[in-house]
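Trainee: Here it is, the structure, as structure tokens.
The values are calculated or read from the model by the stated rules, or taken from the named source; none is laboratory data. Here the structure is a predicted model, which is why all the values come from computation and not from measurement. Here the Cβ positions follow ideal geometry from the backbone for every residue, glycine too, while neighbour counts run over all protein chains shown. Quick note on the areas: whole protein, heavy atoms, side chains included, nothing else; ligands and nucleic acids left out. Shrake-Rupley method; radii C 1.70, N 1.55, O 1.52, S 1.80 Å.
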Amino acid sequence: MGKEAASAFGRWFALNNFPTPVALTAVCDLNPEVLSWYDAVPSVELLTTNYKELLAHASVDVVYVALPHNLHKKYYLEVLEAGKDLLGEKPFGIDLEAALEIKEAADKLGRFVRCSSEMPFLPGPQRVIKEVLSGRLGQIIEIKAGFLHSSDLDPTKPINWKRQTQFCGEIGVMGDLGMHVLHVPLRLGWKPKRLYAQLQKIITERPDGKGGKAECDTWNNAILNTQVEIGTEEVPMTLEMKRIAPGETNTWYIEVLGTKGGVKYSTKDTKALWTFICEGEQLWQRTDLGFKGMPFPTITGGIFEPGFPDCFMQMLAAYVAERAGVLNDRFGCVTPQEALDSHYVFNAALRSFAGHTVENVHYYQAEPV
Ligand SMILES: NC(=O)c1ccc[n+]([C@@H]2O[C@H](COP(=O)([O-])OP(=O)(O)OC[C@H]3O[C@@H](n4cnc5c(N)ncnc54)[C@H](O)[C@@H]3O)[C@@H](O)[C@H]2O)c1
């Protein structure tokens with residue numbers, strides 16, 4: 001993900017009239033091969049395997065930290081204590097306790113902190129949000145959102161840190177994909193009140209990459225059947241996070257149905273926005289979206305299709321604009337409170353699955369699982 005960020009900063013000039021210049025000046029990674037890749041980035045002044053050198057580097061005022069989940073707390077806290085602003089990666093700490101500590105430190109030290117989640121910056125999700133806020137949907141009947149991967153269906157795929165609880169966290173796939181799924185619902189004020197979780201470990205052993213086998217002990221798939229309060233109504237919201245969803249390659253989707261209208265979007269069909277209209281006949285209408293619904297205009301023409309590097313760049317632009325006080329009414333990155341709220345949901349999901357119970361989500365304290 002560090003390379004994705006470098007690539008976005010490398011074409012910052014593509015953002016039209018963006019008020020704040022940004023340059024990648026320092027990079028830290030323990031792996032020399034990864035580090036040498038950044039030799040090709042002309043703005044980089046420092047390449048180091050010692051993160052303390054990066055934190056002491058004068059031209060660094062914001063640090064993007066993309067590390068395995070077990071390292072989030074230690075490094076996020078050190079970035080904040082060094083007086084730098086932070087763009088953290090999800091899940092923003094390996095568990096609820098870590099997320100609480102990071103949020104508290106960010107508040108206490110007064111740093112500008114946000115968490116990564118780029119998919120909602122695509123034009124499709126932006127239109128979904130607009131449709132919901134317009135009130136055109138009437139009374140909301142139900143919400144479905146998800147993020148689906150499938151490469152783990154291959155049992156010969158070697159193990160890595162994301163498939164081991166000690167590095168990825170007890171929350172497994174929820175830590176990997178859950179923040180992406182909850183970003184838009186939480187921003188719309190849809191905080192699950194209670195939930196029932198179905199968690200699955202499907203492939204439990206993988207090649208260790210050294211000729212042997214290693215235990216793969218994380219949750220592969222999670223379905224959270226949640227209840228949210230919208231006005232005076234209790235509304236079902238289903239959240240899917242799956243590493244083993246056959247045929248799905250990074251499919252992010254959201255669907256919102258109401259009594260007067262509906263809206264759905266999936267990255268599987270990147271340009272298509274579906275809106276439901278009920279005027280005599282009931283019909284789903286497809287609109288082809290181009291680049292022009294991006295929050296930050298770029299040199300790319302309005303008819304062209306956006307992709308992953310584009311929404312990642314838009315997310316970084318939102319971070320920089322909000323930090324500079326010029327986000328205005330545009331969509332912003334995940335806040336520390338939203339990242340923490342996602343952990344309250346994941347924590348309740350672990351409790352639910354452990355006890356086969358419906359659990360209330362308590363947004364104020366850490367509860368033992
Ligand atoms: N926003 C997204 O779409 C997205 C996608 C993938 C991963 N992520 C998140 O990004 C983070 C990193 O995931 P990734 O896929 O880039 O992982 P990765 O394993 O590809 O990269 C992690 C890098 O960290 C380096 N590293 C490990 N320990 C280090 C240390 N102590 N000091 C310095 N460098 C160290 C490794 O050498 C490696 O290059 C995770 O939080 C993950 O959830 C986000």
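Trainee: Take the conditions in a helix (DSSP H, G or I), away from the ligand (no atom under 12 Å from the Cβ) and crowded, with 21+ Cβ neighbours inside 10 Å and apply them to P120. Does it pass? Walk me through how you get there before you give the answer.
Mentor: Numbers: in a helix (DSSP H, G or I): yes; away from the ligand (no atom under 12 Å from the Cβ): no; crowded, with 21+ Cβ neighbours inside 10 Å: yes.
Taking the combined requirement at face value, the residue does not satisfy it.
Trainee: Does K108 satisfy the condition of being open to solvent by 60 Å² or more (accessible area, probe 1.4 Å), without any contact (Cβ under 8 Å) to a residue 24 or more places away in the chain and either part of a helix (DSSP H, G or I) or under 22 Å from D310 (Cβ atoms) (or both)? I'd like the intermediate steps shown before the answer.
Mentor: Values: open to solvent by 60 Å² or more (accessible area, probe 1.4 Å): yes; without any contact (Cβ under 8 Å) to a residue 24 or more places away in the chain: yes; either part of a helix (DSSP H, G or I) or under 22 Å from D310 (Cβ atoms) (or both): yes.
Spelling it out, K108 is indeed open to solvent by 60 Å² or more (accessible area, probe 1.4 Å), without any contact (Cβ under 8 Å) to a residue 24 or more places away in the chain and either part of a helix (DSSP H, G or I) or under 22 Å from D310 (Cβ atoms) (or both).
Trainee: A follow-up question, please. Got a number for residues in segment 124-142 being in a loop (DSSP other than H, G, I, E, B) and open to solvent by 20 Å² or more (accessible area, probe 1.4 Å)? Break it down stepwise before answering.
Mentor: First pass over segment 124-142, keeping only residues in a loop (DSSP other than H, G, I, E, B): 135-139.
With open to solvent by 20 Å² or more (accessible area, probe 1.4 Å) added as a condition, the list becomes 135-136, 138-139.
Residues flagged as in a loop (DSSP other than H, G, I, E, B) and open to solvent by 20 Å² or more (accessible area, probe 1.4 Å) within segment 124-142 amount to 4.
Trainee: Could you list, in sequence order, the residues of segment 15-38 that are within 20 Å of R323 (Cα to Cα), in contact with a helix residue (DSSP H, G or I) (Cβ under 8 Å, 6 or more places away or on another chain) and open to solvent by less than 50 Å² (accessible area, probe 1.4 Å)? Walk me through how you get there before you give the answer.
Mentor: First, pick out the residues of segment 15-38 that are within 20 Å of R323 (Cα to Cα): 15-26.
Filter once more, so that each one left must be in contact with a helix residue (DSSP H, G or I) (Cβ under 8 Å, 6 or more places away or on another chain): 15, 18-24, 26.
L15, F18, T20, V22, L24, A26, listed by residue number.
Trainee: Separate question: Looking at segment 245-260, which of its residues are open to solvent by less than 50 Å² (accessible area, probe 1.4 Å), under 18 Å from G146 (Cα atoms) and in a strand (DSSP E or B)?
Mentor: T251, W252, Y253, I254, V256
Trainee: Could you check segment 61-83 and list, in sequence order, the residues that are away from the ligand (no atom under 12 Å from the Cβ) and surrounded by fewer than 20 Cβ atoms within 10 Å (Cβ to Cβ)?
Mentor: Those that are away from the ligand (no atom under 12 Å from the Cβ) and surrounded by fewer than 20 Cβ atoms within 10 Å (Cβ to Cβ): D61, V62, L77, E81, A82, G83.
Trainee: If you take the residues of segment 182-194 that are of a type outside the set (D, E, K, R) and away from the ligand (no atom under 12 Å from the Cβ), which of them is surrounded by the most Cβ atoms within 10 Å (Cβ to Cβ)? Steps first, answer last, please.
Mentor: Step one: filter segment 182-194 for residues of a type outside the set (D, E, K, R), giving 182-186, 188-190, 192.
If we keep only those that are away from the ligand (no atom under 12 Å from the Cβ) too, we end up with 182, 184-186, 188-190, 192.
On the way: L182: 30, V184: 24, P185: 23, L186: 20, L188: 18, G189: 9, W190: 21, P192: 26.
Applying the filter and picking the extreme gives L182.
Trainee: Condition test on E45, is it more than 9 Å from the ligand (Cβ to nearest atom), open to solvent by 60 Å² or more (accessible area, probe 1.4 Å), closer than 25 Å to W161 by Cβ and modelled with pLDDT of 95 or more?
Mentor: The answer is no for E45.
Trainee: Would you say K90 is closer than 30 Å to T165 by Cβ, within 12 Å of the ligand (Cβ to nearest atom) and assigned to a helix (DSSP H, G or I)? Walk me through how you get there before you give the answer.
Mentor: Values: closer than 30 Å to T165 by Cβ: yes; within 12 Å of the ligand (Cβ to nearest atom): yes; assigned to a helix (DSSP H, G or I): no.
Here the answer is no, as K90 does not meet what is asked.
Trainee: In segment 206-226, what residues are among the aliphatic types (A, V, I, L, M) and surrounded by 20 or more Cβ atoms within 10 Å (Cβ to Cβ)?
Mentor: Taking segment 206-226 and keeping what is among the aliphatic types (A, V, I, L, M), we get 214, 222-224.
Those that are among the aliphatic types (A, V, I, L, M) and surrounded by 20 or more Cβ atoms within 10 Å (Cβ to Cβ): A222, L224.
Trainee: Residue check, M179 against (1) away from the ligand (no atom under 16 Å from the Cβ); (2) closer than 30 Å to R286 by Cβ; (3) of a type outside the set (D, E); (4) touching a residue at least 40 places away in the same chain (Cβ under 8 Å), all met but one. Which one?
Mentor: (1)
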